[in-house]
Amino acid sequence: MKYCSTRGGVSGLSFVDSLLIGLAPDGGLLVPEQLPDVGADISRWRGLNFVQFAQEIIPLFATDIAPAILKELIVKSYENFEHEDVVGWQQLGDITVMELFHGPTLAFKDIALQFLGRLFEYALALNNQHLNILGATSGDTGSAAIAGVCGQSNVDIFILYPDNRVSPLQELQMTTVPDENVHCLAIDGSFDDCQSLMKEVFADLDFKRELNLGAVNSVNWARILAQVVYYGYASLKYEEAVSFCVPTGNFGNVFAAYLARQMGFPIEKLLVATNENDILARFIDTGEYSRGEVHQTLSPAMDIQVASNFERYLYYHFGKDTDKLCAFMEQFQTGGSAQISPPEGDFMATAVDTKQTLDAVRKAYRDYGYVLDPHTAVSYAACGYFRDIVEGPLICVATAHPAKFPDAVHSAVPQAPAQHPALDALIGLPQRKTVIEPTVEAVKNYLRTASSR
Ligand SMILES: *Cc1c(COP(=O)(O)O)cnc(C)c1O
């Protein structure tokens with residue numbers, strides 16, 4: 001399987017190359033040149049467990065890694081999950097919750113980032129390379145990325161986060177990791193500042209080459225691939241085609257569901273649930289993609305107005321016509337908005353506000369004694385809206401454990417349990433972080449001096 005850029009400037013890359021490159025040099029995102037059609041294999045795969053199923057899907061895309069090695073990397077990726085089958089299931093009336101948060105940092109990002117960590121370890125050892133990973137986080141990505149690569153001798157990881165603006169627990173999940181290859185950089189600024197600093201550092205191609213910089217954000221194709229697995233897996237648990245409702249920020253998670261459907265898994269509807277940052281809900285209803293202001297909500301991992309993975313969807317929407325895609329992106333960059341015909345049939349969407357989010361937490365607790373984190377609550381609220389419209393099984397995608405967001409949970413239901421021993425164990429541990437100025441020079445200087453390369 002070869003990979004190409006959504007903007008047409010790069011093609012013929014191997015899986016391992018696309019893993020190490022992250023973003024394509026023409027500014028596009030990497031996508032597989034064709035999607036495998038799994039229609040004929042589905043009946044054979046029913047009844048496999050999660051890891052066995054992943055061992056069938058991932059090799060279709062990672063054809064340049066020997067199958068036996070890949071199988072072992074997959075086993076290692078999921079051995080730290082506390083659920084025996086990686087993913088957990090809960091039935092709340094006629095809605096099924098798919099729990100993706102049983103990994104080491106208690107958010108769904110572990111499913112992809114544990115795998116990415118094992119892939120980096122393998123690919124870097126193979127080429128005898130050292131990689132400096134630079135990422136920015138508003139909370140969940142940073143700890144999951146760190147947990148994926150901590151302790152690896154061929155990697156240093158640098159995570160930028162806004163000082164005093166991530167939750168205390170999220171900060172502890174990053175700063176208490178003792179491994180020397182982990183560098184937590186608290187920026188005196190906002191999350192947007194962190195993200196633009198990261199983009200500027202990556203845009204300096206000489207510096208990128210000098211330090212061999214790599215990315216772990218959801219532009220990395222391997223993350224999307226790991227996420228395709230659980231959608232395919234879930235769809236085979238039922239006789240009828242299923243629908244998924246996905247709480248969405250960067251569009252990465254729901255895009256993986258879209259790919260699973262394109263590959264032929266029996267998936268009916270893809271329901272997109274946003275918070276007040278509703279750029280994607282508006283796009284799906286009207287076809288207009290336009291930048292808005294970012295609102296702070298109870299579901300901070302979804303407080304995003306420009307969804308980077310959206311470009312991958314547009315690539316398929318335009319029938320892989322890279323010229324059309326480039327024109328769309330150009331128009332969006334310069335004018336702040338761009339328009340296509342509404343993408344009916346692919347997705348349905350709804351935006352959920354703070355009151356509806358809190359009501360969803362209350363309702364699940366009252367009716368089933370089940371505690372939702374605020375991101376999953378956005379999805380659960382949207383499920384209530386879609387349940388009458390959608391036929392067949394409806395799966396609510398649960399992206400974080402409630403213990404990661406106790407304040408939001410308790411503002412809905414003060415007595416709801418929102419604790420986890422893995423988080424309790426962090427309190428009082430020694431922390432390591434460096435506060436740095438919000439300038440590109442400060443970030444670059446830090447990387448140069450601290451990298452163990
Ligand atoms: C990252 C994150 C999301 C959003 O996922 P996208 O792939 O950006 O759509 C939702 N919920 C939680 C808990 C997250 O950490």
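In region 218-252, which residues are in contact with a strand residue (DSSP E or B) (Cβ under 6 Å, 6 or more places away or on another chain), open to solvent by 10 Å² or more (accessible area, probe 1.4 Å) and under 25 Å from residue 157 (Cα atoms)?
Once the filter is applied, which keeps residues that are in contact with a strand residue (DSSP E or B) (Cβ under 6 Å, 6 or more places away or on another chain), open to solvent by 10 Å² or more (accessible area, probe 1.4 Å) and under 25 Å from residue 157 (Cα atoms), region 218-252 yields only 219.
Taking region 290-309 as the search range and keeping residues that are surrounded by 22 or more Cβ atoms within 10 Å (Cβ to Cβ) and outside any loop (DSSP other than H, G, I, E, B), which one is farthest from the ligand (Cβ to nearest atom)?
Among them, the one singled out is 300.
Restricted to region 86-127, and to residues that are of a type in the set (S, T, N, Q) and modelled with pLDDT of 95 or more, which residue is nearest to the ligand (Cβ to nearest atom)? Walk me through how you get there before you give the answer.
Filtering region 86-127 for residues of a type in the set (S, T, N, Q) gives 90-91, 96, 105, 114, 127.
From what is left, the residues that are modelled with pLDDT of 95 or more are 90-91, 96, 105, 114.
Working: 90: 16, 91: 21, 96: 18, 105: 9, 114: 14 Å.
Filtering region 86-127 for residues that are of a type in the set (S, T, N, Q) and modelled with pLDDT of 95 or more, the one nearest to the ligand (Cβ to nearest atom) comes out as 105.
Search region 201-217 for residues being open to solvent by less than 20 Å² (accessible area, probe 1.4 Å) and assigned to a helix (DSSP H, G or I), and hand back the single one that is nearest to residue 441 (Cα to Cα).
Let us first name the residues in region 201-217 that are open to solvent by less than 20 Å² (accessible area, probe 1.4 Å), namely 201, 207, 211, 213-216.
Cutting the leftovers down to assigned to a helix (DSSP H, G or I) gives us 201, 207, 211.
Details: 201: 9, 207: 11, 211: 14 Å.
Filtering first and then ranking leaves 201.
Identify all residues within region 330-362 that are among the basic types (Lys, Arg) and touching a residue at least 12 places away in the same chain (Cβ under 8 Å); write none if there are none. Don't jump to the end; show me each part of the working.
Taking region 330-362 and keeping what is among the basic types (Lys, Arg), we get 355, 362.
Once the filter is applied, which keeps residues that are among the basic types (Lys, Arg) and touching a residue at least 12 places away in the same chain (Cβ under 8 Å), region 330-362 yields only 362.
When residues of region 1-35 are filtered for being open to solvent by less than 10 Å² (accessible area, probe 1.4 Å) and of a type in the set (Gly, Ala, Ser), how many remain? Quick ask: steps written out before the conclusion?
Pass one, region 1-35, residues open to solvent by less than 10 Å² (accessible area, probe 1.4 Å): 3, 5-6, 15, 18-19, 22, 24, 28-32.
Those still in the list that are of a type in the set (Gly, Ala, Ser) too: 5, 18, 22, 24, 28.
Qualifying residue count for the region: 5.
Look at residue 443 and say whether it is of a type in the set (Val, Ile, Thr) and either closer than 27 Å to residue 357 by Cβ or open to solvent by 20 Å² or more (accessible area, probe 1.4 Å) (or both).
On the way: of a type in the set (Val, Ile, Thr): yes; either closer than 27 Å to residue 357 by Cβ or open to solvent by 20 Å² or more (accessible area, probe 1.4 Å) (or both): no.
Against the criterion (of a type in the set (Val, Ile, Thr) and either closer than 27 Å to residue 357 by Cβ or open to solvent by 20 Å² or more (accessible area, probe 1.4 Å) (or both)), residue 443 does not qualify.
Please specify each residue of region 341-356 satisfying the condition of being modelled with pLDDT under 90 and open to solvent by 60 Å² or more (accessible area, probe 1.4 Å). So that I can check it myself, show each step before the final result.
Residues of region 341-356 modelled with pLDDT under 90: 341-346.
341, 344, 345 - these are the residues of region 341-356 that are modelled with pLDDT under 90 and open to solvent by 60 Å² or more (accessible area, probe 1.4 Å).
Are any residues in region 172-209 at pLDDT 90 or above and of a type in the set (Lys, Arg), and if so, which ones?
Within region 172-209, 208, 209 qualify.
Output the residue which, of all residues in region 311-320 that are free of Cβ contacts under 8 Å to residues at least 60 places away in the same chain and closer than 16 Å to residue 338 by Cβ, is farthest from the ligand (Cβ to nearest atom).
Result: 318.
What residue, among those in region 311-340 that are open to solvent by 80 Å² or more (accessible area, probe 1.4 Å) and at pLDDT below 95, is nearest to residue 4 (Cα to Cα)?
Going residue by residue through region 311-340, those that are open to solvent by 80 Å² or more (accessible area, probe 1.4 Å) are 320, 323-324, 330-331, 333-334, 339.
Those left that are additionally at pLDDT below 95: 330-331, 333-334, 339.
Numbers: 330: 19, 331: 22, 333: 22, 334: 25, 339: 25 Å.
The residue in question is 330.
Being of a type in the set (Gly, Ala, Ser), surrounded by 15 or more Cβ atoms within 10 Å (Cβ to Cβ) and closer than 22 Å to residue 257 by Cβ: is that true of residue 54 here?
Numbers: of a type in the set (Gly, Ala, Ser): yes; surrounded by 15 or more Cβ atoms within 10 Å (Cβ to Cβ): yes; closer than 22 Å to residue 257 by Cβ: yes.
In short, yes.
Can you find a residue in region 61-71 that is of a type in the set (Ser, Thr, Tyr), exposed (fewer than 15 other Cβ atoms within 10 Å of the Cβ) and not in a helix (DSSP H, G or I)?
So in region 61-71, the residues of a type in the set (Ser, Thr, Tyr) come out as 63.
Narrowing the set further to residues that are exposed (fewer than 15 other Cβ atoms within 10 Å of the Cβ) leaves 63.
After this cut, where a residue has to be not in a helix (DSSP H, G or I) as well, the list is 63.
Among the residues of region 61-71, at least one is of a type in the set (Ser, Thr, Tyr), exposed (fewer than 15 other Cβ atoms within 10 Å of the Cβ) and not in a helix (DSSP H, G or I), which makes the answer yes.
For region 357-383, enumerate the residues that are touching a Cys at 6+ places or on another chain (Cβ under 8 Å) and open to solvent by 10 Å² or more (accessible area, probe 1.4 Å).
Step one: filter region 357-383 for residues touching a Cys at 6+ places or on another chain (Cβ under 8 Å), giving 376, 379-380, 382-383.
380 - this is the single residue of region 357-383 that is touching a Cys at 6+ places or on another chain (Cβ under 8 Å) and open to solvent by 10 Å² or more (accessible area, probe 1.4 Å).
The values are calculated or read from the model by the stated rules, or taken from the named source; none is laboratory data. Please read all numbers here as calculations on a predicted model, not as lab measurements. Cβ sites come from the backbone with ideal geometry, for glycine too, and all protein chains shown count toward neighbours. Surface accessibility is based on the protein's heavy atoms, side chains included, excluding ligands, DNA and RNA. Shrake-Rupley method; radii C 1.70, N 1.55, O 1.52, S 1.80 Å.
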